[in-house]
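In what follows, a structure is listed as structure tokens, so that the remarks can point back to it.
The values are calculated or read from the model by the stated rules, or taken from the named source; none is laboratory data. Bear in mind that the values here come from a model prediction, so they are computed numbers and not experimental data. Neighbour counts run over all protein chains shown; Cβ positions are idealised from the backbone, glycine included.
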Amino acid sequence: MVLLVIFYPLFQANFAYLDDFHQLWYNEKGATWNIWLIHGRFIGGLFMEKVFTSINTIDAVRLTRIISVLGWVVAICIYVKVAMQWARFNLIDNRLVLISAVYLACNLTVAIANGWGGTCFEIFFTVIAGLLSGHILYAQLKKHNKIQAVPIPMQLLVLVLGLISLFTYQMGIGFFLIPFFLHFTSKKYEKPDRFLITGVIAFFVIIAVYYGSFKLLLNILGEGESDRVHLHIDILGKLSFFFGVPTAQAFSFNFLFNLHSIISQAFYIVAIAVWVIYTFATQRNKPVANKIIYLAVVFILQMLIYIPVLVIAENFSSYRTMLPLNMAVALMLLNMIFEWIKAPSWKDRFAVAAMLIFVGVGFYNFRFNFFKPILEEYQLVRANVEKQYSPGINKVYFLRPPENFYEDKFHVHYYRDEFGVPLTHKDWVPVPFVKQVIYEKTRDKEIAKKVEVVMFDYAEAEAFNKQVALKEEHTMAVDVPALFNNK
């Protein structure tokens, strides 16, 4: 129900976002699959190719968003079943089953996955596979007490699900560790036990098998891996990166983190401080050394959950990779709050309040920080291209808006390529966007292919205006900032 309330417009809206245009324009079979292959996501690539080779219009991209929303319905149903077992294992408070499900539905990652459906609709699938892989192993360990007693078919199932998650989108494997993370945090201030160590070893085994399989697949197909997935061991650099933006995002619940906001900077620091103080203020009979070890292991486990990003050269803390870490930290902090609140009636009140806040923030994040500005820009640009284009035009001059363009127009702060970034700001968008619109108007892709799109960055506005002033024949100009200013 929460998903439908937040994402209902996606069932009707006609638009595409960033990479969606590239995927749609170059939608011949095999044209883009290798992009996903060299990034280690060949299953995700198969999904993309299957969908985009079967559609031809921007409006049809809506199908991917519908698949994503319905996929998240399935994913959250599975999560609830899993979380109910976690509650029976005393890993989380019973109330957290529903609260965390609502938190998941309202999460920033889910907003991106659904809104950016053409390129991110597979995220729900990697989450399901990663979650089930770790949960099945944990449940089997609870049943049999040691890995040697777990039936071989169940061990193989754990491995296969883990590999499916990694080959779909690597971030999903972080969910594998969440039950083991909760196991450790529920054993207040105890040292890591056999369950946790077994889970971590299994986690690394799955990753090792994945990496070996990935390298073998590339070798067989004669491809080289992308620079973005090269292993890069830089312990100090990655520690600095992790305790910067990723940690800030993880301890900010579902609030959109703003690098330039004092409130955003203070919120996560306060959250961490409260958690640390609570750790030392409770169970004072436990040695301080145990509590220090506890805090250290918790942060180490958080880094392992986020390891797909920490082992590559690129330091890019995108929200679409943050979901496992966000979920782990949210569950830990919410568990802490429920331990702190003693009266059951106040626990119930807090649960209701938390869910209402999550829904309100999730609704606002998607509808106003993501959906509204993108849809308006798409409609303005498309209408302008359709109005100006006529047979014989073979060149389009295109002025892209600045990255912070939405701040003045919609009061939305931009974050990476996910929230508040103008649709046509990225240099890989205007060419396929314009060509696709011309193709849909003429119904002739060969005509659209012959049209040259010359892009100008916003800093080159003067050069753009001089070029347009020449009034060359068979040309047209698209000035995105002017479209907003003149509407």
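Some values worked out for this structure:
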{"read-out": "Qualifying position, being touching a Ser or Thr at 6+ places or on another chain (Cβ under 8 Å), hydrophobic (A, V, I, L, M, F, W, C), more than 30 Å from I312 (Cβ to Cβ) and surrounded by 16 or more Cβ atoms within 10 Å (Cβ to Cβ), among I92, I43, I38", "value": "I92"}
{"read-out": "Residues of region 235-256 that turn out to be of a type in the set (G, A, S) and crowded, with 19+ Cβ neighbours inside 10 Å, as a count", "value": "3"}
{"read-out": "Exclusive hit being in contact (Cβ under 8 Å) with a residue 24 or more places away in the chain, within 23 Å of the chain's Cα centre (by Cα), surrounded by 18 or more Cβ atoms within 10 Å (Cβ to Cβ) and within 20 Å of C106 (Cα to Cα), set F358, F363, F368", "value": "F358"}
{"read-out": "Check on V352, β-branched (V, I, T) and either surrounded by fewer than 16 Cβ atoms within 10 Å (Cβ to Cβ) or touching a Gly at 6+ places or on another chain (Cβ under 7 Å) (or both)", "value": "yes"}
{"read-out": "Pair list, Cβ under 7 Å, 6 or more apart: region 275-293 residue under 22 Å from D193 (Cα atoms), other residue assigned to a loop (DSSP other than H, G, I, E, B)", "value": "Q283/K188; Q283/Y189; K286/Y189; N290/Y189; K291/Y189; I293/K191"}
{"read-out": "Residues that are among the charged types (D, E, K, R) and over 22 Å from L18 (Cα atoms), drawn from region 451-471", "value": "E462, K466, K471"}
{"read-out": "Selection status of T247, closer than 29 Å to N365 by Cα, in contact (Cβ under 8 Å) with a residue 12 or more places away in the chain and of a type in the set (S, T, Y)", "value": "yes"}
{"read-out": "Candidates H183, H232, filtered to the one that is more than 15 Å from L166 (Cα to Cα), surrounded by 16 or more Cβ atoms within 10 Å (Cβ to Cβ), of a type outside the set (S, T, N, Q) and within 26 Å of the chain's Cα centre (by Cα)", "value": "H183"}
{"read-out": "Entirely in region 414-487, the helices (runs of 4 or more DSSP H) that have 1 or more residues that are surrounded by 15 or more Cβ atoms within 10 Å (Cβ to Cβ) and under 26 Å from the mean Cα position of the chain (by Cα)", "value": "430-442"}
{"read-out": "Yes/no for A328 being of a type in the set (G, A, S), more than 24 Å from A111 (Cβ to Cβ) and either assigned by TED's automatic domain parsing to the domain that holds V270 or crowded, with 20+ Cβ neighbours inside 10 Å (or both)", "value": "no"}
{"read-out": "Every residue from region 54-72 that is buried (at least 16 other Cβ atoms within 10 Å of the Cβ) and among the hydroxyl-bearing types (S, T, Y)", "value": "T64, S68"}
{"read-out": "Test: F167 is in the same structural domain as D19 (by TED's automatic domain parsing) and under 19 Å from L104 (Cβ atoms)", "value": "no"}
{"read-out": "Members of region 140-174 that are assigned to a helix (DSSP H, G or I), touching a helix residue (DSSP H, G or I) at 6+ places or on another chain (Cβ under 6 Å) and farther than 30 Å from L46 by Cα", "value": "Q140, L141, I147"}
{"read-out": "Options L217, L236; residue that is modelled with pLDDT of 90 or more, over 30 Å from I99 (Cα atoms) and not basic (K, R)", "value": "L217"}
{"read-out": "Checking L177 against (1) surrounded by fewer than 24 Cβ atoms within 10 Å (Cβ to Cβ); (2) assigned to a helix (DSSP H, G or I), the condition it does not meet", "value": "(1)"}
{"read-out": "All positions within region 262-285 that are in contact with a helix residue (DSSP H, G or I) (Cβ under 9 Å, 6 or more places away or on another chain) and either among the hydroxyl-bearing types (S, T, Y) or not in a helix (DSSP H, G or I) (or both)", "value": "S264, Y268, Y278, T279, T282, Q283"}
{"read-out": "Residue within region 218-239 that is under 23 Å from P179 (Cβ atoms) and in contact with a helix residue (DSSP H, G or I) (Cβ under 9 Å, 6 or more places away or on another chain) present", "value": "no"}
{"read-out": "Yes/no for R284 being basic (K, R) and crowded, with 20+ Cβ neighbours inside 10 Å", "value": "no"}
{"read-out": "Sole exception among (1) farther than 27 Å from F255 by Cβ; (2) under 23 Å from the mean Cα position of the chain (by Cα); (3) not in a loop (DSSP other than H, G, I, E, B) for Y397, by number", "value": "(2)"}
{"read-out": "Which numbered condition A129 fails, given (1) within 17 Å of the chain's Cα centre (by Cα); (2) surrounded by fewer than 15 Cβ atoms within 10 Å (Cβ to Cβ); (3) among the hydrophobic types (A, V, I, L, M, F, W, C)", "value": "(2)"}
